[in-house]
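Taking it in order: structure first as structure tokens, then the write-up.
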Amino acid sequence: MRILGIETSCDETAAAVVQDHPNPSCRILSNCIFSQIAQHQDYGGVVPELAARAHLKFLLPTIRQAVSEAGLFLNDVDAIAATAGPGLIGGVLVGLMAAKALALSLNKPFLAINHLEGHALTPRLSHKLEFPYVLLLVSGGHCQFLEVEDLGRYRLLGTTMDDAAGEAFDKVAQLLGLEYPGGPSIEKMADKGDPDRFVFPIPLKGRAGCNLSFSGLKTAVRTLVKNLPSLEEQDKKDIAACFQKAMVSSLTERSTQALKALSQPVKHFVVAGGVAANQALRQSLQSLCKQYHLEFIAPPLSLCTDNAAMIAWVGLERLKRGEHSSLEASPLPRWPLQDLH
Ligand code: KG4
Ligand code: ZN
């Protein structure tokens, strides 16, 4: 079975072909991404209207490229899967309508996929991983702990009460005058900074439960920047290092709390979403897992940030269970994972 996946919920126009194969390294036949980062850079974040127009312009060439890199013709794929939400509605609409039109004209099944489920199941694409597992989903729009019980069954253990982790990275990067997206810029600067020069608060440390919060930390950075006589290059590096250290400490400490909230024993701790590309976070979570005798799984960097292979994969998992969607499926700006059950 070979599925064409389409992803247009944020600022990446992506198409991919994934096949059913027991060996994870043979599953992705193509994974094409046209990144719109350059279009949004001047604004320090994604401009929804610009994103939707760019998706419209680049989606068809990206689909053609994905199918041809997979060595196929469009008619060779067995189904078309596209992100139906949550995300920026204009972009979601473009991808969803393209997928429906293709499915209708090729007479193939169509699958409307939840973008978060794409991130949540990515470790099952990149690794041989059985349910259940605990997942820390950390992206630009979402930050939550989930107990992944089965396909479509996600138990929310805790979530952010304000900003998502990636959003905090992006906002702090903006404060420091660094390039969008902020996560990779902060990580690069942090490598050359002193992580002990400033002490930032570690959000919710020691509190019961596993909710998260980052707005206080962001405010602490803003206040510090405002009170510095000038913001030199070394200051930026040191602030980036101290901020990243506080983020990683918080996510790690909250992870220990999430493990206490599980309803059943699990063997694997998975981190997914764009912020999972952060090496300091990966290392910290890895040592936490060692301590708790859990296997730590982080998908490869290219599958952590938004991509269409993860969407095709969810399509494949669902199609294998005999599911597909109606062509009436609507785009959804908000679509919590728990609603899938
Ligand atoms: O999953 P993703 O590609 O898109 C969403 O669905 O949100 O995540 C993008 C987010 C951005 O906020 C970006 O700054 C963050 O992931 N990010 C990182 C890193 N790479 C991307 N954050 C920290 N460190 C990184 N290396
Ligand atoms: Zn995402």
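The values are calculated or read from the model by the stated rules, or taken from the named source; none is laboratory data. Bear in mind that the values here come from a model prediction, so they are computed numbers and not experimental data. Cβ sites come from the backbone with ideal geometry, for glycine too, and all protein chains shown count toward neighbours. What goes into the accessible areas is simple: the full protein's heavy atoms, side chains included, and nothing from ligands, DNA or RNA. Shrake-Rupley method; radii C 1.70, N 1.55, O 1.52, S 1.80 Å.
Quick check: residue separation of E232 and R153 times 0.36 nm, minus the Cα distance between them. What number comes out in nm?
23.6 nm
Could you state the accessible area per residue of the stretch 5-96 in Å², with a 1.4 Å probe and every protein chain left in place?
Values: 3840 Å² over 92 residues.
Ligands and nucleic acids excluded, the figure is 42 Å² per residue.
Between S287 and D339, 0.36 nm times their residue separation minus their Cα-Cα distance comes to what?
Working: separation 52, 0.36 × 52 = 18.72 nm, distance 3.28 nm.
15.4 nm is the gain from fully extending S287 to D339.
Just need the relative contact order of the chain here, percent rounded to a whole number, with Cα pairs under 8 Å and 6+ apart.
Numbers: 741 pairs, mean separation 83.4, N = 341.
Relative contact order of the chain: 24 percent.
On the protein heavy atoms, probe 1.4 angstrom, tell me the percent of accessible surface of the chain carried by carbon and sulfur. Mind showing how you got there, number by number?
Working: 7570 of 14450 Å².
Here carbon and sulfur together make up 52 percent of the probe-accessible area.
Working out 0.36 nm times the residue gap between K57 and L74, then minus their Cα-Cα distance, what length gain in nm do you get to one decimal? Walk me through the numbers before you get to the answer.
Numbers: separation 17, 0.36 × 17 = 6.12 nm, distance 1.92 nm.
4.2 nm is the gain from fully extending K57 to L74.
Where only protein heavy atoms count, and the probe is 1.4 Å, what is the accessible area per residue for the stretch 130-298 in Å²? Don't skip to the end; give the middle numbers.
Numbers: 7280 Å² over 169 residues.
That works out to 43 Å² for each residue.
Once you've got the GNM for the chain with C-alpha springs shorter than 10 Å, pick whichever of A81, A98, A272 has the biggest mean-square fluctuation.
Answer for the Gaussian network model of the chain: A98.
So what is the calculated 222 nm ellipticity per residue for the chain, using -39500 (n - 2.57) for each DSSP H run with n of 4 or more, over all residues, to the nearest 500 deg cm²/dmol?
Taking each H run of at least 4 residues, the total per residue is -13500 deg cm²/dmol.
Once both labels are modelled 7 Å past Cα along the beta-carbon direction, what's the H21-R222 spacing in nm?
If labels sit at H21 and R222, their model points lie 4.8 nm apart.
Each label point is 7 Å from the Cα along the Cα-to-Cβ direction; what then is the distance between the points at E323 and R64, in nm?
3.4 nm
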